[in-house]
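S.K.: Structure incoming, see below.
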Amino acid sequence: MRKMLSVLITSLILLTVLSFIFKKIINERATGAPPYAFEDLEPPEVDNYTWLRNWERPEGPAKVGLQVGHWKNDELPDELKRLKGRTGSSGGGKSEWEVNLSIAQATAEILRSYGIQAEILPSTVPSKFWADVFVAIHADGSNDSSTSGFKAANPRRDYTGNAEKLLKLVEAEYQAATDLPKDPNVTRNMRGYYAFAWWRYEHAVHPMTASLILETGFLTNPSDRKIIVSKPEVSARGLANGIIKYLESENILQVN
């Protein structure tokens, strides 16, 4: 009897653990950030790339790259072919790329009004793309429709030394503009986003580009959709404000 009870308890514990792992995997797959291989999570040491030590910013106006998550995903190059077909989340009759594109276009319009060179990029990042700021715009998804909020993450290792500052400014301004809660569940997929992996992929951002990925809200949540789907200009204003404040803090942009 005791042996059977022990086996039963062990089985229940095992099932609980497996259930937790399964739910975590499912929820992580629902996020807008494409899956990323474990081996890519360890960037190389900067000492292996001596040219980075003497790098200087090119002359010219402030430059910002806004990547539309999952847009033209079928055009990804062979090096990223495993990501083809990953369309991201959906909700409210919208595919994720449509929502991301609307926010990116509205953000670019605001930035350009300040004289900032804003480029809207598809899933395929131009080879060794450099900008003062790069933001991958995504929208989240969950099996639980009550899950709400935005989250942002910078690369696992930042060679600019500025990504953390950019992250904090964007988070503060985005939350102030949208009034969405901050979701603390940043995944390894976000910090290991493929566009950050310049040491592995040709089509990735230059290491001296301050970068982040922004999950603007949950497409699976009706309240979040009221902002990111129905009022993309609100999300755009928050994102643009954070970028502008960062550029000002780096003396790249002067706002009268």
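The values are calculated or read from the model by the stated rules, or taken from the named source; none is laboratory data. In this text the structure is predicted, and so the values were computed from the model without any measurement. Neighbour counts run over all protein chains shown; Cβ positions are idealised from the backbone, glycine included.
S.K.: Of the residues in segment 206-220, how many are within 18 Å of residue 159 (Cβ to Cβ) and over 13 Å from the mean Cα position of the chain (by Cα)?
M.R.: 4
Conditions tested, residue by residue: (1) among the basic types (Lys, Arg); (2) modelled with pLDDT of 95 or more; (3) closer than 17 Å to residue 69 by Cβ.
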site	(1), (2), (3)
218	no, yes, yes
225	yes, yes, yes
228	no, yes, yes
231	yes, yes, no
249	no, yes, no
254	no, no, no
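S.K.: Could you list, in sequence order, the residues of segment 114-140 that are within 16 Å of residue 87 (Cβ to Cβ) and surrounded by fewer than 22 Cβ atoms within 10 Å (Cβ to Cβ)?
M.R.: First pass over segment 114-140, keeping only residues within 16 Å of residue 87 (Cβ to Cβ): 122-124, 136-140.
Residues satisfying the conditions are 122, 124.
S.K.: Same structure, new question: List the helices (runs of 4 or more DSSP H) inside segment 158-254, counting only whole elements, that have at least 2 residues being crowded, with 24+ Cβ neighbours inside 10 Å.
M.R.: 163-178, 222-228, 232-249
S.K.: It is to be established whether one or more residues within segment 114-134 are farther than 16 Å from residue 198 by Cβ, without any contact (Cβ under 8 Å) to a residue 24 or more places away in the chain and either assigned to a loop (DSSP other than H, G, I, E, B) or of a type outside the set (A, V, I, L, M) (or both).
M.R.: No, the conditions are met nowhere in segment 114-134.
S.K.: In segment 145-155, which residue that is touching a residue at least 60 places away in the same chain (Cβ under 8 Å) and outside any strand (DSSP E or B) is farthest from residue 221 (Cα to Cα)?
M.R.: Looking at the filtered set, the residue picked out is 155.
S.K.: Which ones in segment 201-217 are of a type in the set (Ser, Thr, Tyr) and either without any contact (Cβ under 8 Å) to a residue 12 or more places away in the chain or more than 17 Å from residue 168 (Cα to Cα) (or both)?
M.R.: 201 - this is the single residue of segment 201-217 that is of a type in the set (Ser, Thr, Tyr) and either without any contact (Cβ under 8 Å) to a residue 12 or more places away in the chain or more than 17 Å from residue 168 (Cα to Cα) (or both).
S.K.: Additional query: If residue 138 satisfies every condition in (1) in a loop (DSSP other than H, G, I, E, B); (2) within 21 Å of residue 164 (Cα to Cα) but one, which is the exception?
M.R.: Of (1) in a loop (DSSP other than H, G, I, E, B); (2) within 21 Å of residue 164 (Cα to Cα), only one is false for residue 138: (1).
S.K.: Which residue pairs have Cβ atoms under 8 Å apart, sit 6 or more places apart or on different chains, and have a first residue in segment 45-61 that is β-branched (Val, Ile, Thr) and a second that is in a helix (DSSP H, G or I) and modelled with pLDDT of 70 or more?
M.R.: That search, which allows pairs on different chains as well, returns 46/52.
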